[in-house]
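In what follows, a single structure is set out as structure tokens and then discussed.
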Amino acid sequence: MIARESIPFAPNLIESMRSLGYSFETAIADLIDNSISANSSKIDILLSPIDNPYLIILDNGYGMNSNELEEALRYGAKNPLEKRKNTDLGRFGLGMKSASLSQCRKLVVASKKDGLISCFSWDLDYIIQNKEWMLLEYDSEEINKLPQIELLKSLPSGTYLMLENFDRISSSTYDLNTTLNSYMNSTIDHLSLVFHRFLNEGVDIYVNNNKIIPRDPFLSTNRGTQPLPEQFITINNCRIRIKPYILPYMNKLTSEDLQKVGGKEDLRTNQGFYIYRNKRLIFWGSWFRLTRKEELSKLARVMVDIPNDLDEVWGVDIKKSTVHLPDVIKKNLYSCIEESVFKSKAVHEYRGRKETNNNDINYIWERVELRDNCYEYKINRDLPQIQLFEESLDSNQLKYFDKIITNLEKMFPSTSLYLDASKGKIMDESSVVTDEEIEELYNEICDSLKYSEKMSLNKESVLESLLKSEPYCNYKELIEKFKIGGSNE
Ligand SMILES: Nc1ncnc2c1ncn2[C@@H]1O[C@H](COP(=O)(O)OP(=O)(O)OP(=O)(O)O)[C@@H](O)[C@H]1O
Ligand SMILES: [Mg+2]
């Protein structure tokens, strides 16, 4: 056997590396990670609305000398398995390059350390032309021509990134500047949440000279918020800190508070664990399928602090925007908070009461009595057919599905239903059912059973639960058919 060197073809690989799946805001957040890791106390994001717009990120961190900067710009500059300081938000040695070039074709980085400024750039067009991994180094004259470079010069140390030629965004819009401005607005929202703990602790981030206000999703300084006792779990000698909060009841929230927690509409979808890696929020608004997102637990949010030593265990991704927690951590997390959050008086006080006519039936619609003698109708997310469907969705699809159902509930046409019902004009189709319809329902259940088998679920108990659920439980003939044929159809 002989070993042969196989060097990646620069133009192709660098183009593919642009497609790791960054959005505009996750890309900018990845660059801010670097500034925070470099001990910056002030970070400026400057977007220039001109014909060829560019975006500058300037920090006052410790900066890099020429060798360090050249090395930092190399793809895979660091070993992902290397132990990092517990204040380092990086892991893969890729972010600065892959995040910037996911949005634009040219990245210029100038950095100041020990009074000297050095500067290099990755230019995709240059690489395509020359077919080699070539960085471009700037001399002092070229550095002086960079827009707003005097801002870096005035700092004792720091780093300046300029992103230019937003080809992808520009090909998707007629008006690049308007689109960039609207992306910038969602970026402000995103940064105010994912970095809220840093923003609270002395790191200032400005966008075009406007300071970003931290958005604390726990409203921890609001007197109505109930912090519950923190707990710890230890994995591989590392401590994970778990701190649950119960938000104040909605009518106690000011409009500013509501905005901080994601708005009234999204209160329900934003409940769940908030996973932080070194105080930087990575992922939020999910119970990891360990429990359901009930209307009733919508005020519960649990801060989970995971140190970067556990990166390998929980599978942080390059974009730092998703997590793949191993089942053992998830279960540990859940059992830590089950008692305190879901069974606590704090939550129960806010709970509505589900009304049921018959406990043996899984109704599709639930009538929930709220505290002020009003009712709301909710779709029962515990229905086995909904649960089975949710099993097939990834976490983003799950959030989207939840939003669809929430919107259906919100748009329930109660007034026209009331009027039609009062005139006796509602057709009750459920009582009349043909053989073909029974056959259709039967096949539906068989499909669900096949799927449950694929998911290694207990087929018998899924069948039992389906036959207790609407609409199936309404048809004796259907239930009989399964009694005769069993679940092996
Ligand atoms: N603003 C900055 N100030 C000082 N050093 C920086 C800055 N940005 C990047 N660096 C240096 O460049 C290196 C490479 O950055 P890059 O973002 O590409 O990878 P990373 O942060 O190590 O890991 P990740 O891919 O997870 O972000 C960093 O580890 C850091 O040493
Ligand atoms: Mg980084």
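Looking at the chain, send over the antiparallel percent of its DSSP beta bridges, to the nearest 5.
Bridges in the chain are about 85 percent antiparallel.
Using only helices, what value at 222 nm comes out for the chain when you add -39,500 (n - 2.57) per DSSP H run of length 4 or more and divide by the total residues, to the nearest 500 deg cm²/dmol?
It lands at -10500 deg cm²/dmol.
For the range 391-466, what D do you get in µm² per second when you plug the Kirkwood radius from alpha-carbon pairs into Stokes-Einstein at 10 °C and 1.306 mPa s?
Here the translational diffusion coefficient equals 99 µm²/s.
Find, to one decimal place in angstroms, the Kirkwood hydrodynamic radius of the range 226-351, where the mean of 1/r is taken over every pair of different Cα atoms and then inverted.
One over the average 1/r among Cα pairs gives 15.0 Å for the range 226-351.
Take Lys131, project a point 7 Å from its Cα along the Cβ direction, then tell me which residues of the range 1-35 have their backbone nitrogen under 19 Å from it.
5-16
For the chain, what does the accessible surface come to per residue with a 1.4 Å probe? Please give it in Å².
Heavy-atom accessible area per residue stands at 53 Å².
In nm, give the distance between the simple-model label positions of Asp382 and Arg239, each being 7 Å from the Cα along the Cα-to-Cβ direction.
Placing both labels 7 Å beyond Cα along the Cβ direction yields 3.7 nm.
May I ask you to compute the full-extension gain from Asn251 to Met455, defined as 0.36 nm times their residue separation minus their alpha-carbon distance, rounded to one decimal in nm?
Numbers: separation 204, 0.36 × 204 = 73.44 nm, distance 4.19 nm.
Computed gain between Asn251 and Met455 is 69.2 nm.
Among the DSSP beta bridges whose two residues both lie in the range 226-351, what percent are antiparallel, rounded to the nearest 5?
Of those bridges, close to 75 percent are antiparallel.
With the full set of protein chains in place, find how many percent of the accessible area of the chain is carbon and sulfur; take the probe as 1.4 Å.
That share works out to 49 percent.
Could you list the square roots of 5 times each eigenvalue of the Cα gyration tensor of the range 10-211, that is, the equivalent ellipsoid semi-axes, sorted largest first and rounded to whole Å?
22, 21, 18
Using a cut-off of 18 Å between alpha-carbon atoms, which lysines can reach Lys211, once sequence neighbours fewer than 8 places away in the same chain are excluded?
Lys42, Lys260
Could I get the Rg over Rh figure for the range 136-231? Both from C-alpha atoms, Rh via Kirkwood, rounded to two places.
Reported Rg/Rh, Kirkwood definition of Rh: 1.11.
Which entries of Lys264/Lys319; Lys331/Lys483; Lys83/Lys112; Lys279/Lys410; Lys403/Lys459; Lys83/Lys298 show an alpha-carbon separation above 32 angstrom in the structure shown?
Too far apart for the 32 Å limit: Lys331/Lys483; Lys279/Lys410; Lys83/Lys298.
Given a Förster distance of 22 angstrom, what is the FRET efficiency for Lys211 paired with Gln148, based on the Cβ-Cβ distance and rounded to 0.05?
With R0 = 22 Å, the Cβ-Cβ based efficiency is 0.75.
If every alpha-carbon in the chain counts as one equal scatterer, what log10 I(q)/I(0) does Debye give at q = 0.07, 0.10 1/Å?
-0.51, -0.91
Expressed as a rounded percentage, what relative contact order does the range 85-132 have, with Cα pairs under 8 Å and six or more residues apart?
Relative contact order comes out at 25 percent.
Contact order normalised by length for the chain, with contacts defined as Cα pairs under 8 Å and 6 or more residues apart; what percent is it?
11
In whole Å, how far is the Cα centre of the range 94-108 from that of the range 204-258?
31
Would you mind working out the magnitude of the charge dipole of the chain relative to its Cα centre, with +1 at each Lys and Arg C-beta and -1 at each Asp and Glu C-beta, to the nearest 20 Debye?
In debye, rounded to 20, the chain gives about 1620.
Just to be sure I understand the model, the point goes 7 Å from the Cα along the line to the Cβ. What's the resulting Lys264 to Asp139 distance in nm?
Result for the modelled spin labels: 6.5 nm.
The values are calculated or read from the model by the stated rules, or taken from the named source; none is laboratory data. Note that the coordinates shown come from a computational prediction; the quantities given were computed from them, not determined experimentally. Here the Cβ is made from the backbone with ideal geometry for all residues, glycine too, and neighbour counts use every protein chain on show. We work out accessible area using only protein heavy atoms, side chains counted, and drop any ligands, DNA or RNA first. Shrake-Rupley method; radii C 1.70, N 1.55, O 1.52, S 1.80 Å.
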